[in-house]
Every structure is written in structure tokens, then in C-alpha cells.
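Okay, structure first, notes after.
The values are calculated or read from the model by the stated rules, or taken from the named source; none is laboratory data. Small disclaimer: the values here were computed from a predicted structure and weren't measured. Note: ideal-geometry Cβ built from the backbone for every residue, glycine included; neighbour counts use all protein chains shown.
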Amino acid sequence: MSGANHANEGVICPPATLAVIGGGQLGRMFIQAAQRMGYRTGVLTNDVNAPAAQIAHWSIVGEPNDLEALRSLTDRAEAVTVEFENIQAGALRLIARQVPTRPGGHSLWVCQNRIREKNFLDRHAIPIAPWRPVRNEHELSSVISALGLPIVLKTAASGYDGKGQVRVERAGDLGSAWESLGRVACVAEAWVEFTAEASVVAVRGRDGKAATYPLAWNQHTRHILDSTLMPAACGPVLAREASATALAAAEALGHVGILTVEYFLKSDGRLLVNEMAPRPHNSGHLTIEAGVASQFDQQVRALCGLPLAPCRLIRPAAMVNLLGDLWRNGEPRWEAALAADPAVSIHLYGKDAAVAGRKMGHLTVLDSTPEEALARAQAARRRLVE
Ligand code: AMP
């Protein structure tokens, strides 16, 4: 959608102005990468003190789907990207008519709705867990005969970090589960007994050239990413399959920018796609220190039509998230975490309200194996609150 009007555009070089829609940590790290390369940066956010707004050259305060705010953004920016997928297709079409906008509307439209996303994956024969759409009583009534139990019911739109999801174990609980989600359009998914969760961060340029970072292992706690290891210690066949699937999805979407694919690994060695994100991902944050170039550097390059950097790691790495829970008894003891292991990298996103479950920052450690890196990252995190 968006690329079409700008198919013959030139490379966008520094000091052009790049803008991001959304002011969270992903926008902030995009801006950090863009500024390092000499671009000027802007952000559209509904919070003047949002993580990205704190460091951008300028901010526009407004809602991401507000047409007036978007018009002000395109007046000031030479290219636009997003840090989240929930932007209305119409709004994105509007900005794409003014300036190059990546990823394009089609990628966002597919990835912002689980029904569309699963239909897309099925159509391209990409393996996923058995599923059914739930948009009315009739569809709800056939879910258990189709999928068995347990299942997980997820809202089709706007879910993240396990929000908008309910696990259903007994047939009698299905109605109240849908009720608790507001009876909005949902997908019902068969529960997957996975042995591990993994992800692949792919980047695809304007010219269709694409590459992936190595497979990452991810550990979730309470449905929120807790830690990531890269590269995942798995055989080359699995790594190749995960990479090929992500590249096939990016190509089929006509995606330009970062596309992250999350997987379940089953005990029989099969990989199922859980979901896709048309943007940088929490599991790719460690590429800031561990990569020849980070996922945010690649986002800038793809947006601007620059050659992509190799998706190679300099060293194995691990990342642990810092959730608001760590602030329960006051400010964490940063000096204690670093005193024992000064090579730990601390990232804080500048959020002032440390709510439980809120992503406040992360730690990254490089080591000769990802497991050693993880042990050190976890130890540093423990020391923050000892
Ligand atoms: P999601 O927001 O869909 O990525 O779900 C968040 C987390 O919930 C996943 O990373 C899994 O740990 C868990 N989860 C989601 N769907 C399923 C499923 N069908 N089977 C088992 N676990 C799931």
C-alpha cells in the first residue's frame, strides 16, 4: 500500500528527519539508532513525557489515529515508521500518500488482527496451532468440538503481553471466558504443550533483500517476556526452518522493515508460529550490544532504503527484562548490580511509574555462550533488589 506511491524514491540520507508513531521504548530505541546515524527525529505520542518523546528532537502530542496530528507529522518528517501495529489502515494510507511509510499498511493490517494473521499464515501453509474464529455465539458453540480442551481465547485486536487472553479448561467456562473479554471478536486456539518458545527477528529492505538474526530462545513469566538467549542452542535444521519461515512471511507480506516471528517448539521438533510483530521486538533488544548492527539500526536502514547490515552477532548474548515489580521497595540498587559485574549493560526507558508488569528497562550481557550470559544477567538482576 504505502510503498507503491514512493517506489522510485531515492535513499533518505542523514540529516533528514525520521518520525515514529508511538512513544514507547521501541520508539525510543529507534530514535537512538537514528540519531546515532545523524538523522533528525520526531515522535507522535499521546504522552509528552513518553520514553521516545524524552529524546526526540521534537514531539507531536496526539493520538496515533488522529488525522490532524498525523498531518503535522508528515509536514515535518521525510519518512515515517511505527513502534506498534495498532494504527488504523486509513490513517496509515493518509500518511503514506505524503511520505514513505514503513512498514506499509498491508503488513500492519494483517498483523494487527489475530483472525487476519492466522488466515494469512494458513494461506501460506505456515504451521500454526489449530484455531477457530469466534465472532458470534454460533462460532463459539463449535469451538470445543473442533479444538478440544484446553484452549486459549484471545481477543482478535489489541492484545499484548498476555492481555486479552483467557485459558479455558472446562467446556462450562467458555461462555464466561468470552464474556470476560467483552464478547469482542476473538480467536480460540488449541493449547500448545511446547518445550520452548523462540523468535526470529527478520529485516527486509525496500529492494526485497532480507535476512534474519539467529534464532532466540525466550522465557515468559506471567505471559510477559522475562529473558532471551541468542543464538538458541538448537540444530541447524530448526534454525534454518525458523529463519526460512520468517523470510517467507516477510516476503508474502511485501514487508519493509523489521518483522518478528514468535514460535512454539513442540517436543516432536515441530515449530508452530504463535504470532508475528511487524516491528522490532523485545527479544531483539540484545542485538544493540551483540549485533554487528541492532534491530533498530536495521529498522532505520530499511526505512531509508540504505543497504542492510549483516544480521550477525559479535558474541552470544542474553537479555533479561526489568519489570516495574523490581521497584516495589524503591529504586533498584544499580551500583550493586554493576559492582559485581561491570560489563552488564543497563537500559532504562525513562518511565516514571513503576507499575507491576510494566517494562521499565532491560539488562544485556555478552559471553562466550548464551547460557553463561543469561546466568550473569539474572545474577545482576537479582542483585538489584538484594
Ligand atoms: P501471545 O500474546 O499470543 O504471544 O501469548 C503470550 C504467551 O502466552 C505466549 O508467549 C505463551 O507463553 C502463552 N500462550 C499463548 N498462546 C498459547 C497457546 N495456544 N498454547 C500455550 N501457551 C500459549
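Being under 16 Å from the mean Cα position of the chain (by Cα) and under 22 Å from Gln25 (Cα atoms) is true for just one of Val292, Val320, Val344, Val273. Which residue is that?
On the way: Val292 fails: under 16 Å from the mean Cα position of the chain (by Cα); Val344 fails: under 16 Å from the mean Cα position of the chain (by Cα); Val273 fails: under 22 Å from Gln25 (Cα atoms).
Just a single option satisfies the conditions, and that option is Val320.
Yes/no per residue for (1) over 23 Å from Lys118 (Cβ atoms); (2) within 16 Å of the ligand (Cβ to nearest atom); (3) in the same structural domain as Gln25 (by TED's automatic domain parsing):
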| site | (1), (2), (3) |
| --- | --- |
| Arg240 | yes, no, no |
| Tyr263 | no, yes, no |
| Gly269 | no, no, no |
| Met276 | no, yes, no |
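Give the residues of the range 128-148 that are surrounded by 14 or more Cβ atoms within 10 Å (Cβ to Cβ) and in contact with a Lys or Arg (Cβ under 7 Å, 6 or more places away or on another chain), sorted by residue number.
Matches in the range 128-148: Ile128, Trp131, Glu139, Val143, Leu147.
Does any residue of the range 209-219 turn out to be within 14 Å of the ligand (Cβ to nearest atom), exposed (fewer than 15 other Cβ atoms within 10 Å of the Cβ), at negative phi and assigned by TED's automatic domain parsing to the domain that holds Gly257?
Pass one, the range 209-219, residues within 14 Å of the ligand (Cβ to nearest atom): 216-219.
With exposed (fewer than 15 other Cβ atoms within 10 Å of the Cβ) added as a condition, the list becomes 219.
If we keep only those that are at negative phi as well, we get 219.
With the extra rule that they be assigned by TED's automatic domain parsing to the domain that holds Gly257, the set shrinks to 219.
The answer is yes, given that some residue of the range 209-219 is within 14 Å of the ligand (Cβ to nearest atom), exposed (fewer than 15 other Cβ atoms within 10 Å of the Cβ), at negative phi and assigned by TED's automatic domain parsing to the domain that holds Gly257.
List the residue pairs whose Cβ atoms are under 7 Å apart, where the first residue sits in the range 50-79 and is free of Cβ contacts under 8 Å to residues at least 24 places away in the same chain, the second is surrounded by fewer than 22 Cβ atoms within 10 Å (Cβ to Cβ) and of a type in the set (S, T, N, Q), and the two are 6 or more positions apart or on different chains.
Cβ pairs passing all conditions: Ile60/Ser72; Val61/Asn46; Gly62/Asn46; Glu63/Asn46.
For the range 185-206, name all the residues that are more than 15 Å from the ligand (Cβ to nearest atom) and of a type in the set (D, E, K, R).
Scanning the range 185-206 gives Arg204, Arg206.
Being buried (at least 21 other Cβ atoms within 10 Å of the Cβ) and either part of a helix (DSSP H, G or I) or within 21 Å of the chain's Cα centre (by Cα) (or both) is the requirement here; does Gly42 meet it? Explain how you work it out, then say what you get.
On the way: buried (at least 21 other Cβ atoms within 10 Å of the Cβ): yes; either part of a helix (DSSP H, G or I) or within 21 Å of the chain's Cα centre (by Cα) (or both): yes.
Spelling it out, Gly42 is indeed buried (at least 21 other Cβ atoms within 10 Å of the Cβ) and either part of a helix (DSSP H, G or I) or within 21 Å of the chain's Cα centre (by Cα) (or both).
Are any residues in the range 181-199 outside any strand (DSSP E or B), of a type in the set (Val, Ile, Thr) and within 23 Å of the chain's Cα centre (by Cα), and if so, which ones? Write out each step before concluding.
Of the range 181-199, the ones outside any strand (DSSP E or B) are 181-185, 191-193.
Filter again for of a type in the set (Val, Ile, Thr), leaving 184, 192.
Residue satisfying the conditions is Val192 alone.
Test of understanding: among Arg381, Arg333, Arg315, which residue is charged (D, E, K, R), more than 30 Å from Thr17 (Cβ to Cβ), surrounded by 19 or more Cβ atoms within 10 Å (Cβ to Cβ) and touching a helix residue (DSSP H, G or I) at 6+ places or on another chain (Cβ under 9 Å)? If you could, list the steps in order and put the result at the bottom.
On the way: Arg333 fails: surrounded by 19 or more Cβ atoms within 10 Å (Cβ to Cβ); Arg315 fails: surrounded by 19 or more Cβ atoms within 10 Å (Cβ to Cβ).
Step by step, each of Arg381, Arg333, Arg315 is checked, and only Arg381 is charged (D, E, K, R), more than 30 Å from Thr17 (Cβ to Cβ), surrounded by 19 or more Cβ atoms within 10 Å (Cβ to Cβ) and touching a helix residue (DSSP H, G or I) at 6+ places or on another chain (Cβ under 9 Å).
Is it fair to say Val184 is of a type in the set (Val, Ile, Thr), at negative phi, exposed (fewer than 15 other Cβ atoms within 10 Å of the Cβ) and not assigned by TED's automatic domain parsing to the domain that holds Ala293?
Values: of a type in the set (Val, Ile, Thr): yes; at negative phi: yes; exposed (fewer than 15 other Cβ atoms within 10 Å of the Cβ): yes; not assigned by TED's automatic domain parsing to the domain that holds Ala293: yes.
Criteria met by Val184.
Can you pull out the residues in the range 48-94 that are more than 25 Å from Met37 (Cβ to Cβ) and part of a strand (DSSP E or B)?
Val61
Could you name every one of the helices (runs of 4 or more DSSP H) located completely within the range 105-180 that has at least 1 residues being under 20 Å from His281 (Cβ atoms), under 23 Å from the mean Cα position of the chain (by Cα) and within 11 Å of the ligand (Cβ to nearest atom)?
Values: elements: 105-111, 114-123, 137-141, 143-147, 174-180.
Where helices (runs of 4 or more DSSP H) fall fully within the range 105-180 and carry at least 1 residues being under 20 Å from His281 (Cβ atoms), under 23 Å from the mean Cα position of the chain (by Cα) and within 11 Å of the ligand (Cβ to nearest atom), they are 114-123.
Taking the criterion of being out of contact with any Ser or Thr (no Cβ under 9 Å at 6 or more places or on another chain) and not in a helix (DSSP H, G or I), would at least one residue in the range 368-381 satisfy it?
Yes; the residues of the range 368-381 include at least one that is out of contact with any Ser or Thr (no Cβ under 9 Å at 6 or more places or on another chain) and not in a helix (DSSP H, G or I).
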